1. Once you charge only the Cβ atoms, +1 for Lys and Arg and -1 for Asp and Glu, what is the size of the charge dipole of segment 95-177 about its Cα centre, to the nearest 20 debye?
2. Please find, in a Gaussian network model of the chain (springs between Cα atoms separated by less than 10 Å), the residue of Gly105, Gly16, Gly118 whose mean-square fluctuation is greatest.
3. Between Ala120 and Arg143, how many nm apart are label points set 7 Å from Cα along the C-beta direction?
4. Which whole-percent values make up P(r) of segment 18-118 when all C-alpha to C-alpha distances are grouped in 5 Å steps starting at zero?
5. When the chain is treated as a GNM, springs tying every alpha-carbon pair under 10 Å, which of Met30, Met71, Met39 comes out with the largest mean-square fluctuation?
6. Note down the Stokes-Einstein diffusion coefficient of the chain in µm²/s, whole number, using a Kirkwood radius over alpha carbon pairs, 10 °C, and 1.306 mPa s.
7. Let me know the charge dipole size of the chain about its Cα centre in debye, to the nearest 20, where only the beta-carbon of Lys, Arg (+1) and Asp, Glu (-1) is charged.
8. Between Asn135 and Trp43, what length in nm is gained on full extension when 0.36 nm per residue of separation is reduced by their alpha carbon distance?
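No lab work stands behind these numbers, since they all come straight from the coordinates. Keep in mind it's a predicted model, so treat the numbers as computed, not measured. Note that each Cβ is placed from the backbone with ideal geometry, even for glycine, and that neighbours are counted across all protein chains shown.
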Amino acid sequence: MKIALYLGSFNPFHNGHLSVVKSALNDFKMDKVIIVPTMQNPWKKEKVLDIDKRCQIIFQSCFEIWDNYEMSTIEKYLTPPYYSYATLHALKNKYCNDEVFVLVGSDTIKDISNWMNGEAIIRDYNFLIVDRPRNSISSSSIREMLRTRNKTDAYYSDEKLARYVSPNVINLLKKYY
């Protein structure tokens, strides 16, 4: 089986992330994408939403591709700090009978050599590199929209938010952020 591993904070998961997953399935003909939300990115200072809540958001966002993705919370069982090379190593062992690829956005691939053991990741793994959609928005922008939702700020509205996230998750996002 051809499996793509898609690691990230996904804080929150949005349509740009979903587009990357769909590209792996459709353009690269992967049999499955394993979405792996990190416990805490060691390079980011902002604390992420609890992993189980992020998994709920991912689950609701990926409803239309139900049969072709899984979520992995493998980092719950790893020792911090949560570096990608340790997570990838654990997943590679778990899926040792499959053809495994690391799914990354074109913006991420430029930085991998700077990651902890980045050269080893580049050497030891095959990559699928996907361009993010031009109309994509960052997770931090979505969090900002959610932070300003109770203010008289024209930046936020459910209608605008629905352009960037699955309508299935808007209420979850309001609840959690």
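1. The calculated dipole for segment 95-177 is roughly 620 debye.
2. The residue with the greatest mean-square fluctuation here is Gly118.
3. The two pseudo-label positions are separated by 2.9 nm.
4. Taking every Cα pair in segment 18-118, the percentages come to 2, 11, 20, 23, 25, 15, 4, 0.
5. Of Met30, Met71, Met39, the most mobile in the Gaussian network model is Met71.
6. Working: Rh = 16.8 Å.
In µm²/s, the coefficient is 95.
7. Its charge dipole is roughly 540 debye.
8. Stretched out fully, the Asn135 to Trp43 stretch lengthens by 30.5 nm.
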